[in-house]
Amino acid sequence: MKASSLFFAISSVLVLSAAAGACSKSDDAAAPGGPAQTADAGPDTASDDFPVITLGAEPQRDGDPQKGYRALVNEAYVPCGIPDTAYSKVFQPAPESARVPGREGRNATLPYNFTAMKTKDGVDIVTSNCLSCHAGRIDGKLVVGLGAADSDFTNDPSGTAGLVGAVLTDPKELAEWKKWKERVQVVGPYSVLSTRGPNPADGFTAVLFAHHDPKTLAWSSTPLMDVPPPQDVPVDVPPWWRMKKKSSMFYVGGGRGDHARIMMTASILCTSSVEESRAIDAYFADIRAYIMSIEPPKYPFPIDRALADKGRPVFEQTCSRCHGTYGDKPTYPNRLVVLQEIATDPILASGAAQFGPPFVKWYKDSFFGELARLEPQQGYVAPPLDGIWATAPYLHNGSVPTIAALLDSSTRPTYWTRDFDSKSYDPGAVGWKHTVVDHGKDGESDATKKSELYDTTRLGYSNAGHLFGDKLSADDRAAVIEYLKTL
Ligand code: HEC
Ligand code: HEC
């Protein structure tokens, strides 16, 4: 087997390993207004026509942020992967630009998104970690906690996972590879999107639940419950620093109860017992504490302070009832905005097919359900806007390339593409430099161009809704945009 195809096989499938489970949501379609919410009209009652839903805070386990960072970048919480012998045949030690501080032993020479471990059979393997999706580049810099916005999930990795075995001979290594391959082949078809940029993590998890016994977490090669066919459900990875303010996890507010337990659900790709899962869970309160400590990066370009100061009161009048206030005494309402009011793409909030009530029940009945719950809502949480300059593209599906376009819906491009270079930043419009295209995916014959074309006419990819900026005058809008750079 050629080194180049092995390289492709390893890099495309490893990234999946960390994803499975951590970031699922589930569309049980619990009606807004259920027991987890408290109605609270707050200081602003401008939208009388819609319910005001507040997601209240729940107790969390304490942790140590420093220990959490150490665990995040050194522990193998997704404990299956590729034997290091195969990995090392293809990969050189990571360049400086792909390393993060604080890594120990073999991890020190691996890229930030891969982690090494020794299995109980003594096999050295390389697996992936949260940073595959939760570290991103902006203006040339790698930022831990920024969602990766340039990933490419347009290929099903399950075919190439099989190729890795061709370079292995040791029976124990072959056994580790087979375990990992089987699981990648289960999630592979559920990890494919039609478009580069967004993330398929919300599509993986139901299928992994289906392959585990909820009580024992034992793996089953065949699904133990029905799984609907894969769906194209694009999600823009949110930045971790929002969790400081958020009382729920995920766009639809579906992650409730103990957040650390929800985060460590990622391990389910590889784990096969409650005992193994409990050992991983033991350090996730620390990982959560680290996530809660992350500050957003500061806007690196010049800011017109006088204009930003003009924008602040406009923002507070037009936007704060949902997004909160910023500065010395910040407030944040943890508000869930129902679909009818927000009117952004409904697919995620109205139930991507594979996340039905059976999967919510699976979670409840499982080890994870001891402390955490999946309670997806039919709407989207209005996120904190700290560091918003760095998190383009915008909306939960990443359908709008800049804040300027978000706040004037008549300028949102229907078809657009970008070069995925983190230096291609547009400080004027606040977001990615992009090219407006005159045709959708159906009119594109070049396969790469087609996958890099964001086609907002596709199911799940709509850029509709969130029209709150439309009613601003051009001057006020420019002032609000300047103000947003300061958050
Ligand atoms: C394959 C990509 C991927 C990997 C790997 C991954 N995540 Fe995520 N994560 C996502 C996506 C996508 C979302 C948003 C899902 C949603 O809201 O519906 C998310 C959401 C989250 C959130 C909630 C953020 C918010 O604002 O609600 C937290 C916290 C989080 N992930 C932590 C982790 C941790 C910890 C790990 C590793 C154990 C991890 N994730 C691994 C893709 C990933
Ligand atoms: C009625 C509540 C509400 C009001 C008012 C509101 N927003 Fe939002 N906003 C939301 C919700 C909900 C989302 C998430 C929608 C989604 O992802 O589909 C959002 C998303 C955003 C985002 C994108 C976040 C991201 O990372 O994708 C930005 C930026 C934003 N709003 C700015 C503003 C500004 C500026 C104003 C005032 C002009 C405003 N919003 C008014 C509810 C509101």
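The table for this structure:
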{"item": "Residue, nearest to Gly465 (Cα to Cα), within the stretch 320-345, restricted to residues that are within 16 Å of ligand 1 (Cβ to nearest atom) and in contact with a Leu (Cβ under 9 Å, 6 or more places away or on another chain)", "result": "Thr344"}
{"item": "Flag if Gly327 is more than 30 Å from Arg137 (Cβ to Cβ), among the small types (Gly, Ala, Ser) and surrounded by fewer than 20 Cβ atoms within 10 Å (Cβ to Cβ)", "result": "no"}
{"item": "Condition check for Gly254: crowded, with 20+ Cβ neighbours inside 10 Å, within 30 Å of Ala479 (Cβ to Cβ) and either under 18 Å from the mean Cα position of the chain (by Cα) or within 16 Å of ligand 2 (Cβ to nearest atom) (or both)", "result": "no"}
{"item": "Hits in the stretch 429-476 - residues which are part of a loop (DSSP other than H, G, I, E, B), surrounded by 12 or more Cβ atoms within 10 Å (Cβ to Cβ), without any contact (Cβ under 8 Å) to a residue 60 or more places away in the chain and not hydrophobic (A, V, I, L, M, F, W, C)", "result": "Lys433, His434, Gly440, Glu444, Thr456, Thr457"}
{"item": "Scan of the stretch 282-312 for residues that are within 24 Å of the chain's Cα centre (by Cα), crowded, with 17+ Cβ neighbours inside 10 Å and away from ligand 1 (no atom under 16 Å from the Cβ), ordered by number", "result": "Pro297, Tyr299"}
{"item": "Some residue of the stretch 405-419 being closer than 27 Å to Thr331 by Cβ, at pLDDT 95 or above, within 15 Å of ligand 2 (Cβ to nearest atom) and basic (Lys, Arg)", "result": "no"}
{"item": "Test for Ala166: is it assigned to a helix (DSSP H, G or I), away from ligand 2 (no atom under 16 Å from the Cβ) and closer than 30 Å to Thr417 by Cβ", "result": "no"}
{"item": "Test set (1) touching a residue at least 24 places away in the same chain (Cβ under 8 Å); (2) β-branched (Val, Ile, Thr); (3) out of contact with any Pro (no Cβ under 8 Å at 6 or more places or on another chain) - Val123 fails condition number", "result": "(3)"}
{"item": "Options Phe315, Phe368: the member that is within 14 Å of ligand 1 (Cβ to nearest atom), of a type outside the set (Ser, Thr, Tyr) and assigned to a helix (DSSP H, G or I)", "result": "Phe368"}
{"item": "Positions within the stretch 129-149 being within 16 Å of ligand 2 (Cβ to nearest atom) and part of a loop (DSSP other than H, G, I, E, B), in sequence order", "result": "Gly145, Leu146, Gly147, Ala148, Ala149"}
{"item": "The stretch 170-229, subset hydroxyl-bearing (Ser, Thr, Tyr) and either buried (at least 22 other Cβ atoms within 10 Å of the Cβ) or over 22 Å from Glu452 (Cβ atoms) (or both), residue nearest to ligand 2 (Cβ to nearest atom)", "result": "Thr195"}
{"item": "The one condition in (1) crowded, with 19+ Cβ neighbours inside 10 Å; (2) among the aliphatic types (A, V, I, L, M); (3) in a loop (DSSP other than H, G, I, E, B) that Met243 fails to fulfil", "result": "(3)"}
{"item": "Qualifying helices (runs of 4 or more DSSP H) (wholly inside the stretch 252-293; at least 2 residues being touching a strand residue (DSSP E or B) at 6+ places or on another chain (Cβ under 7 Å))", "result": "259-263"}
{"item": "Unique match (being modelled with pLDDT of 80 or more and under 30 Å from Leu168 (Cα atoms)) among Gly105, Gly68, Gly21, Gly56", "result": "Gly105"}
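The values are calculated or read from the model by the stated rules, or taken from the named source; none is laboratory data. Since this is a predicted model, take the numbers as computed values, not measurements. Cβ atoms come from the backbone with ideal geometry, glycine included; neighbour counts cover every protein chain shown.
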